[in-house]
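The values are calculated or read from the model by the stated rules, or taken from the named source; none is laboratory data. If you're wondering where the values come from, they're calculated on a predicted model, not measured in any experiment. Cβ atoms come from the backbone with ideal geometry, glycine included; neighbour counts cover every protein chain shown. Remember, those area values only see protein heavy atoms, side chains included, never the ligands or the DNA or RNA. Shrake-Rupley method; radii C 1.70, N 1.55, O 1.52, S 1.80 Å.
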Amino acid sequence: KTSENFDPVGFSERAPEWLNWFREAELKHGRQAMLATVGLVVPEFVRIPGEQFSFESIPNVLDAHDALLDTSMKQILLWISLAEAMSFAALSNMNEFDRAPGDFGFDPMGLFPTDPAKQDEMRLKELKNGRLAMVAIGGMIHGAIVTGHGFPYL
């Protein structure tokens, strides 16, 4: 098998009717992991204004979860819930095949190519980068926990 149809556990052979749902889930989690990797590194260098967000108040990014539990974490939960709720309709008609998995028709910057060969290449790049990010975010978090340091976690 190639990296394009990577399925070491054999989900696609055991439940082929769920293949689009599996791909949708993989793309969704890959996109979230890509955002998470950026979201874990950027606060090590830049913080939003406010004393509760300062480097002095929260020197380690991993401590932000507990320190901001009653403030910012509620907003994060709200935005994540909104994003999930917006995907319910798309997931409910997944087996109708009116769209490709992960394609919500949202491309405000026009980055998605018009050539079908380039589209396939872009989809594969997103899939591979998402897989890498899913592994990377786990390593980044555990590296920060073990070392007790921020980025680059050494």
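I want to confirm something. Restricting to region 88-102 and keeping residues that are touching a Phe, Trp or Tyr at 6+ places or on another chain (Cβ under 9 Å) and either farther than 21 Å from residue 32 by Cα or modelled with pLDDT of 75 or more (or both), which single residue is surrounded by the most Cβ atoms within 10 Å (Cβ to Cβ)? Spell out the reasoning first.
Narrowing region 88-102 to residues touching a Phe, Trp or Tyr at 6+ places or on another chain (Cβ under 9 Å): 90-91, 94-95, 101.
Cutting the leftovers down to either farther than 21 Å from residue 32 by Cα or modelled with pLDDT of 75 or more (or both) gives us 95, 101.
On the way: 95: 11, 101: 19.
Only one residue tops the list, namely 101.
For region 124-151, give me the residue count where each residue is within 18 Å of residue 30 (Cα to Cα) and free of Cβ contacts under 8 Å to residues at least 12 places away in the same chain.
Applying the first criterion (within 18 Å of residue 30 (Cα to Cα)) to region 124-151 yields 124-141.
From what's left, free of Cβ contacts under 8 Å to residues at least 12 places away in the same chain: 125, 132, 135, 138-139.
Residues flagged as within 18 Å of residue 30 (Cα to Cα) and free of Cβ contacts under 8 Å to residues at least 12 places away in the same chain within region 124-151 amount to 5.
Could you say which residue among 40, 82, 27 is surrounded by 11 or more Cβ atoms within 10 Å (Cβ to Cβ), more than 30 Å from residue 147 (Cα to Cα) and at pLDDT 85 or above?
On the way: 40 fails: more than 30 Å from residue 147 (Cα to Cα); 82 fails: surrounded by 11 or more Cβ atoms within 10 Å (Cβ to Cβ).
Result: 27 is the single residue among 40, 82, 27 that is surrounded by 11 or more Cβ atoms within 10 Å (Cβ to Cβ), more than 30 Å from residue 147 (Cα to Cα) and at pLDDT 85 or above.
Under 6 Å between Cβ atoms, at least 6 apart or on separate chains: pull out the pairs that start in region 42-62 with a residue that is on the phi < 0 side of the Ramachandran plot and end on any residue that is aliphatic (A, V, I, L, M) and open to solvent by 40 Å² or more (accessible area, probe 1.4 Å).
58/67
In this structure, does residue 134 turn out to be loosely packed, with under 13 Cβ neighbours inside 10 Å and not acidic (Asp, Glu)?
Details: loosely packed, with under 13 Cβ neighbours inside 10 Å: no; not acidic (Asp, Glu): yes.
Criteria not met by residue 134.
What's the total number of residues in region 1-41 that are among the small types (Gly, Ala, Ser) and not in a helix (DSSP H, G or I)? Give the steps one after another, and end with the answer.
Let us first name the residues in region 1-41 that are among the small types (Gly, Ala, Ser), namely 3, 10, 12, 15, 25, 30, 33, 36, 39.
From what is left, the residues that are not in a helix (DSSP H, G or I) are 3, 10, 15.
Here the count works out to 3.
Just checking, which of 154, 69, 111 is outside any helix (DSSP H, G or I), aliphatic (A, V, I, L, M), open to solvent by 70 Å² or more (accessible area, probe 1.4 Å) and within 16 Å of residue 31 (Cα to Cα)?
Working: 154 fails: within 16 Å of residue 31 (Cα to Cα); 69 fails: within 16 Å of residue 31 (Cα to Cα).
Of the residues listed, the single one that is outside any helix (DSSP H, G or I), aliphatic (A, V, I, L, M), open to solvent by 70 Å² or more (accessible area, probe 1.4 Å) and within 16 Å of residue 31 (Cα to Cα) is 111.
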